[in-house]
Each structure stands twice: as C-alpha cells, then as structure tokens.
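The values are calculated or read from the model by the stated rules, or taken from the named source; none is laboratory data. Keep in mind the model is a prediction, meaning the values are calculated, not measured. Note that we place each Cβ from the backbone using ideal geometry, even for glycine, and neighbour counts take in every protein chain shown. Heavy atoms of the whole protein, side chains included, go into the accessibility calculation; ligands, DNA and RNA do not. Shrake-Rupley method; radii C 1.70, N 1.55, O 1.52, S 1.80 Å.
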Amino acid sequence: MKSLSASTLRNRRYWLLLSVPLVAASLMWSSTVSASCNFLSILASIGSGDGQVLTPRAIALDPSDNVYVADQNDRVQKFNSSGVFQFKFATGGSSFGSVVAPSGVAVDRTTGDIYVCDGFSERTSGIVQKFNASGAFQTAWGTAGNGNGQFLNGAGGVAVEDVVADRELDEVVVGAVGRAEVEVHPARGVGGHV
C-alpha cells in the first residue's frame, strides 16, 4: 500500500473540513431561496397574437412596472403592471422603426424612451433603435461592420445608464456580439460613436 505524504493528508483534511460547512450552507440556502422565489403569475401565453409571446428574447421594466417583451415574433409588446397587453411596436421588418430579430430591450427610467437592438445579422443600418414611451420610432444608429458604432451579426443586449455615482450619464450601452465588445453611445443616438 502506498503511503501519503503529510502535506497530502493535510490538504485532504482541509478539503473535508471546508466541504462540510459548504454542504450545510447550500442546503439551508436552497430552502431560503425557494421560499423567497415563489411563482407569481404567467404574463403571456405562447403564440403570435397580441398579448402572446414566442421565445422571449429580452424583457425590461419601466418606472411604473410596465413590462416590455421582445420575442421571436419580431416585435416588442408592452404589458401593464397587472400583465394586461397594452400595445405592440417595432413589428417585423428591416426598415427603421421595425425589427427582424430583437435581441435587447431597455427603458430609460427618467424619460420612458425605449431602446431596442436588432440581432439580425443581415441588417445593414439602424441596429439600435430608440422609441418614445408610446412606441413611436424616434431615431436609429449603428451599421454593419467591424468599427466603432458598427456591429457584426447584429447587436446583443442593451442597457440605459441614467445616473452613476451622482453624475448624469444619459448613455446607452450596447453589446457588439460579433466583436465581443461593449459600446457606449449617447442616449440621443446622434453620431453613434462615443
């Protein structure tokens, strides 16, 4: 039989001593999490009609707890805080004001403006689009390509930074999927470059 060195025995003992509290903590934590994450309701059923969704790709909330859902039906839908369908916008297409494959949605909590990214790899312009709180198209930026303000294979997620460290930013952060980068743009969308 092979004998183990003192350091190997010490390492095994440390791992055994560490594993006991980790297992105990995970058992207690899982019951706490399951108690605090109870199912509340279903917002939308599966389908392509108004108020239905097919493969939701992005979800955002506004300050009034309205829910915006971008799905595989090539649109964004707004539901009120009770889950009742309100309206849809950015419905399928490659022109400005519409999307082919929405991959991100974010709401500016101060203005109510809605930003939608299109992940459609063949879209050549208007990859990031801005809509007002009523879903009316405002502006778009981003073209296909490999430089700043350009996106290979469409854009990924989007987020709005209103205030960071008591400083008003008013910036939109967009994932550049094809380049594995994150870009920051002015919220107004002008210029498309930082």
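Among the residues of segment 116-172, write down those that are in contact with a His (Cβ under 9 Å, 6 or more places away or on another chain) and modelled with pLDDT of 80 or more.
The answer is Val128, Trp141, Gly142.
Under 6 Å between Cβ atoms, at least 6 apart or on separate chains: pull out the pairs that start in segment 56-81 with a residue that is farther than 11 Å from Gly104 by Cα and end on any residue that is among the acidic types (Asp, Glu) and open to solvent by 40 Å² or more (accessible area, probe 1.4 Å).
Taking only residues 6 or more apart or on different chains, the pairs are Ser81/Asp65.
Just wondering, is there one or more residues in segment 62-81 that are open to solvent by 60 Å² or more (accessible area, probe 1.4 Å), touching a Gly at 6+ places or on another chain (Cβ under 9 Å) and at pLDDT below 90?
yes
Of a type in the set (Gly, Ala, Ser), under 16 Å from the mean Cα position of the chain (by Cα), in a strand (DSSP E or B) and at pLDDT 85 or above: is that true of Gly175 in this structure?
Spelling it out, it is not the case that Gly175 is of a type in the set (Gly, Ala, Ser), under 16 Å from the mean Cα position of the chain (by Cα), in a strand (DSSP E or B) and at pLDDT 85 or above.
Can you go through Ser94, Ser103, Ser82 and tell me which one is farther than 14 Å from Ala140 by Cα and assigned to a loop (DSSP other than H, G, I, E, B)?
Ser82
Out of everything in segment 91-104 that is surrounded by fewer than 23 Cβ atoms within 10 Å (Cβ to Cβ) and of a type outside the set (Gly, Ala, Ser), what residue ends up being farthest from Arg75 (Cα to Cα)?
Per the stated criteria, the residue is Phe96.
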